[in-house]
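Colleague: I'd like to ask some things about the structure below.
Where a number appears in this text, it was derived from the coordinates with a stated rule and is not lab data. This one's a predicted model, so the numbers in the text were calculated from it and none came from an experiment. FYI the Cβ positions are ideal-geometry reconstructions off the backbone, even for glycines, and counts take in every protein chain you see.
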Amino acid sequence: MAKSRFKLYIYGIILLLLFFGLIRIFITESGKFFALELLGLLFLLLLSLIGFIGYSEVWGERVFFFVFLFYFVNLILIWKVQGALYLVLLLLTLIGFLMSFPKKPDQEDCHECFEKPEFEEEPHSEVFDPVVKEEEKSETKVVKTVDVKTKAVKEIVKAKHSPGKYIASSYSNVYHEPKCEWAKRISVKRRVWFKDKREATNKKYKKHSCVK
């Protein structure tokens with residue numbers, strides 16, 4: 001979560017620098033160029049505001065991608081019209097563009113949502129008694145083995161019981177529906193349950209595409 005907030009601060013700084021940079025470019029101009037740049041800047045401000053509001057959702061960061069894309073196109077058009085290339089603003093735009101570039105769903109939503117299930121083999125109890133007959137030893141081992149298997153089955157049934165409506169990994173900030181393929185890959189000891197979407201949102205978790 002701290003990493004996401006830090007990234008949001010970086011977006012804010014870059015967009016603030018781009019905002020004042022564009023103002024300095026067209027504030028001294030007039031006519032059609034001034035009007036078009038002013039309208040474009042207002043549109044980008046509105047789009048940036050939407051990105052900040054929806055940043056906690058999956059689509060929030062994608063809004064920033066389009067904001068930086070529009071800034072880049074605008075700077076290229078200014079270069080074509082005025083013949084002036086603003087390298088610092090272009091560099092800031094490219095940094096923001098690369099930071100917000102859309103990732104594949106498995107990288108963006110669930111790169112930490114799942115882990116390989118860990119199976120720990122429970123040691124079988126053995127009876128060491130020189131007085132006990134071999135036949136009795138065999139029966140004892142069979143009983144112990146059955147007990148271990150019964151315990152494993154009970155643990156699986158218990159794991160399938162959902163103590164909440166949504167599930168997430170303690171190593172991630174994305175929550176899923178229990179029937180989601182990603183949810184099934186979360187190991188039992190790292191499962192975090194939520195009774196509803198509000199509880200998950202209050203704890204700063206984002207919903208996965210499986211959540212309707």
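Colleague: R0 = 35 Å: FRET efficiency of Glu177 with Tyr9, Cβ-based, nearest 0.05? Mind showing how you got there, number by number?
Modeller: Values: r = 32 Å, r/R0 = 0.91.
After rounding, the FRET efficiency stands at 0.65.
Colleague: Let me ask something else. Could you give the length gained on full extension between Val58 and Lys103, defined as 0.36 nm per residue of separation minus the Cα-Cα distance, in nm?
Modeller: Working: separation 45, 0.36 × 45 = 16.20 nm, distance 1.11 nm.
That works out to 15.1 nm of additional length.
Colleague: Oh, and also: With the cut-off at 1.5 for a/c, could you classify the stretch 1-59 from its C-alpha gyration tensor as rounded, prolate or oblate? Mind showing how you got there, number by number?
Modeller: On the way: a/c = 6.11, a/b = 2.21, b/c = 2.77.
Because a/c hits 1.5 or more and a/b fails to exceed b/c, the stretch 1-59 counts as oblate.
Colleague: What FRET efficiency would be calculated for the residue pair Phe19, Ser209, taking the C-beta separation as r and a Förster radius of 41 Å, to the nearest 0.05?
Modeller: Numbers: r = 32 Å, r/R0 = 0.79.
Once rounded, the FRET efficiency stands at 0.80.
Colleague: Going by average Cβ neighbours within 10 Å, how do the peptides 71-80, 170-179 rank, with the highest at the top?
Modeller: Working: 71-80: 16.6, 170-179: 18.7.
Order by mean packing, descending: 170-179, 71-80.
Colleague: Further, regarding this structure: Contour minus end-to-end for Lys189 and Trp79, with contour as 0.36 nm per residue of separation and end-to-end as the Cα-Cα distance?
Modeller: Working: separation 110, 0.36 × 110 = 39.60 nm, distance 5.62 nm.
Taking Lys189 through Trp79 to full extension adds about 34.0 nm, to one decimal.
Colleague: If you place +1 on the Cβ of every Lys and Arg and -1 on the Cβ of every Asp and Glu, how big does the dipole about the Cα centre of the stretch 2-102 come out, in debye to the nearest 20? Working shown, then result.
Modeller: Details: 7 positive and 4 negative charges, 32 e Å.
Value, rounded to 20: 160 debye.
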